[in-house]
Amino acid sequence: MFKKIAVALDGSQCADEALDVALKLARSESAELAVCSVIDPLVIAGTTPPSPAVDQIIAARETESRHLVEEAVEKAHRAGIEAEGETRMGPPFDEILQFSKRHGVDAIVMGTHGRTGLKRLFLGSVAEYVLRAATCPVIVVREGAAKAVHA
Amino acid sequence: MNGCIIVPIDGSDLSLRALDTAIDLSKNVSAPIRLVHVVDVSKAAVISYGDPEYVGGCLNALRDEGACFLQSACKRATERGAWVSEELLMGDPAEQIVRCAAQHDAEWIVMGSHGRSGLSHLLVGSVAEGVLRHSSVPVLIVPLKHDAARTSAA
């Protein structure tokens, strides 16, 4: 049913669990995995004017994101799942949707809350926007939900 | 045997489309489907204008309606070769769906973003919202804008 599944990572616990769910789903569906990690420059820099310090932080985050994606792709390969990944820069929800479109995925897996999510909100803003705009099924994983899948 | 897939059915087209997604999923993960309809008790109170004389009748009508929804959904799933069971519950829909998933050690909940009573301009309906908020298993949400043609062609 699902031929290609997108998963969005940001280094949060919740996104790690989303990756586990995506891997399991990809395995049982014999689907490919498309891993994406988005850096939001606005979250890092806010409205401060461009400066070398901001550039350094963005560069560090970029390295970190690339590492996250590489790790996830390797993990998929070890599980015998075809996978590719990409690091993108911009508003996360928009980038996740564009990424999904570009890779022609038919499902998106993501955590309810990422790094910047306030736990008291029922859904983080990124998940909320993706749910609102996606044209394919979205699998939302709450922190702690992946355990159920492993059991 | 894997844990089951909970599919809430409320009689809406979207809940049937979610069922179709769940049927495909159930074959791939070899898990049974459990169809659930929740009779919203507070709705019975509203449509009977809180009149105790009519609440019982309204509840019965809602229960009959729910049983019909379940029956036709069950038929649809059986025809497509899924292993399916059904359950009619009473109470708050989101709460009952989450409770049912926990009780049956479900592995997934598959549902539409909006039910019959959902205002489609809301980002997700109140039932889906409640389920997303409390579910301890992954929730697969089928959106209103879901390109059904692409999925069935795939």
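Read-outs throughout are calculated quantities, based only on the coordinates presented, and are distinct from any laboratory measurement. It should be emphasised that the depicted structure is a prediction, and the values quoted were computed from it without experimental measurement. Counting neighbours? That spans all protein chains shown, and the Cβs are built from the backbone with ideal geometry, glycine included.
On the principal axes of its alpha-carbon atoms, the protein assembly as shown has extents of 74, 41, 34 Å, going from largest to smallest. Rounded to the nearest 0.05, the FRET efficiency derived from the C-beta distance between residue B:68 and residue B:102 at R0 = 25 Å is 0.40.
The antiparallel fraction among DSSP beta bridges confined to the protein assembly as shown stands at about 5%. With both labels modelled 7 Å from their Cα along Cα-to-Cβ, the residue B:85 to residue A:57 distance reads 5.3 nm. Using Cβ point charges alone (K and R +1, D and E -1), the dipole size of chain B about the Cα centre works out to roughly 440 debye. Taking only Cα atoms, what is the 0 to 90° angle, nearest 10, from helix B:52-79's long axis to the longest principal axis of chain B? In chain B, helix B:52-79 runs at an angle near 10 degrees to the longest axis.
Diffusion coefficient (Stokes-Einstein, Kirkwood radius over C-alpha pairs, 25 °C, 0.890 mPa s) for the range A:4-150: 160 µm²/s, rounded to a whole number.
For the residue pairs A:101/B:27; A:3/A:75; A:101/B:43; A:24/B:43; A:3/B:145; A:101/B:75, the C-alpha atoms sit more than 30 angstrom apart in A:101/B:43; A:24/B:43; A:101/B:75. The loop-placed GluC sites (Glu not before Pro) in the range A:27-133, going by DSSP, that have at most 14 neighbouring Cβ atoms within 10 Å of their Cβ come out as A:82. Taken about its Cα centre, the protein assembly as shown carries a charge dipole of about 240 debye when Lys and Arg each add +1 at the Cβ and Asp and Glu each add -1 at the Cβ. The percentage of C-alpha pairs in chain B whose separation is greater than 24 Å is 30%.
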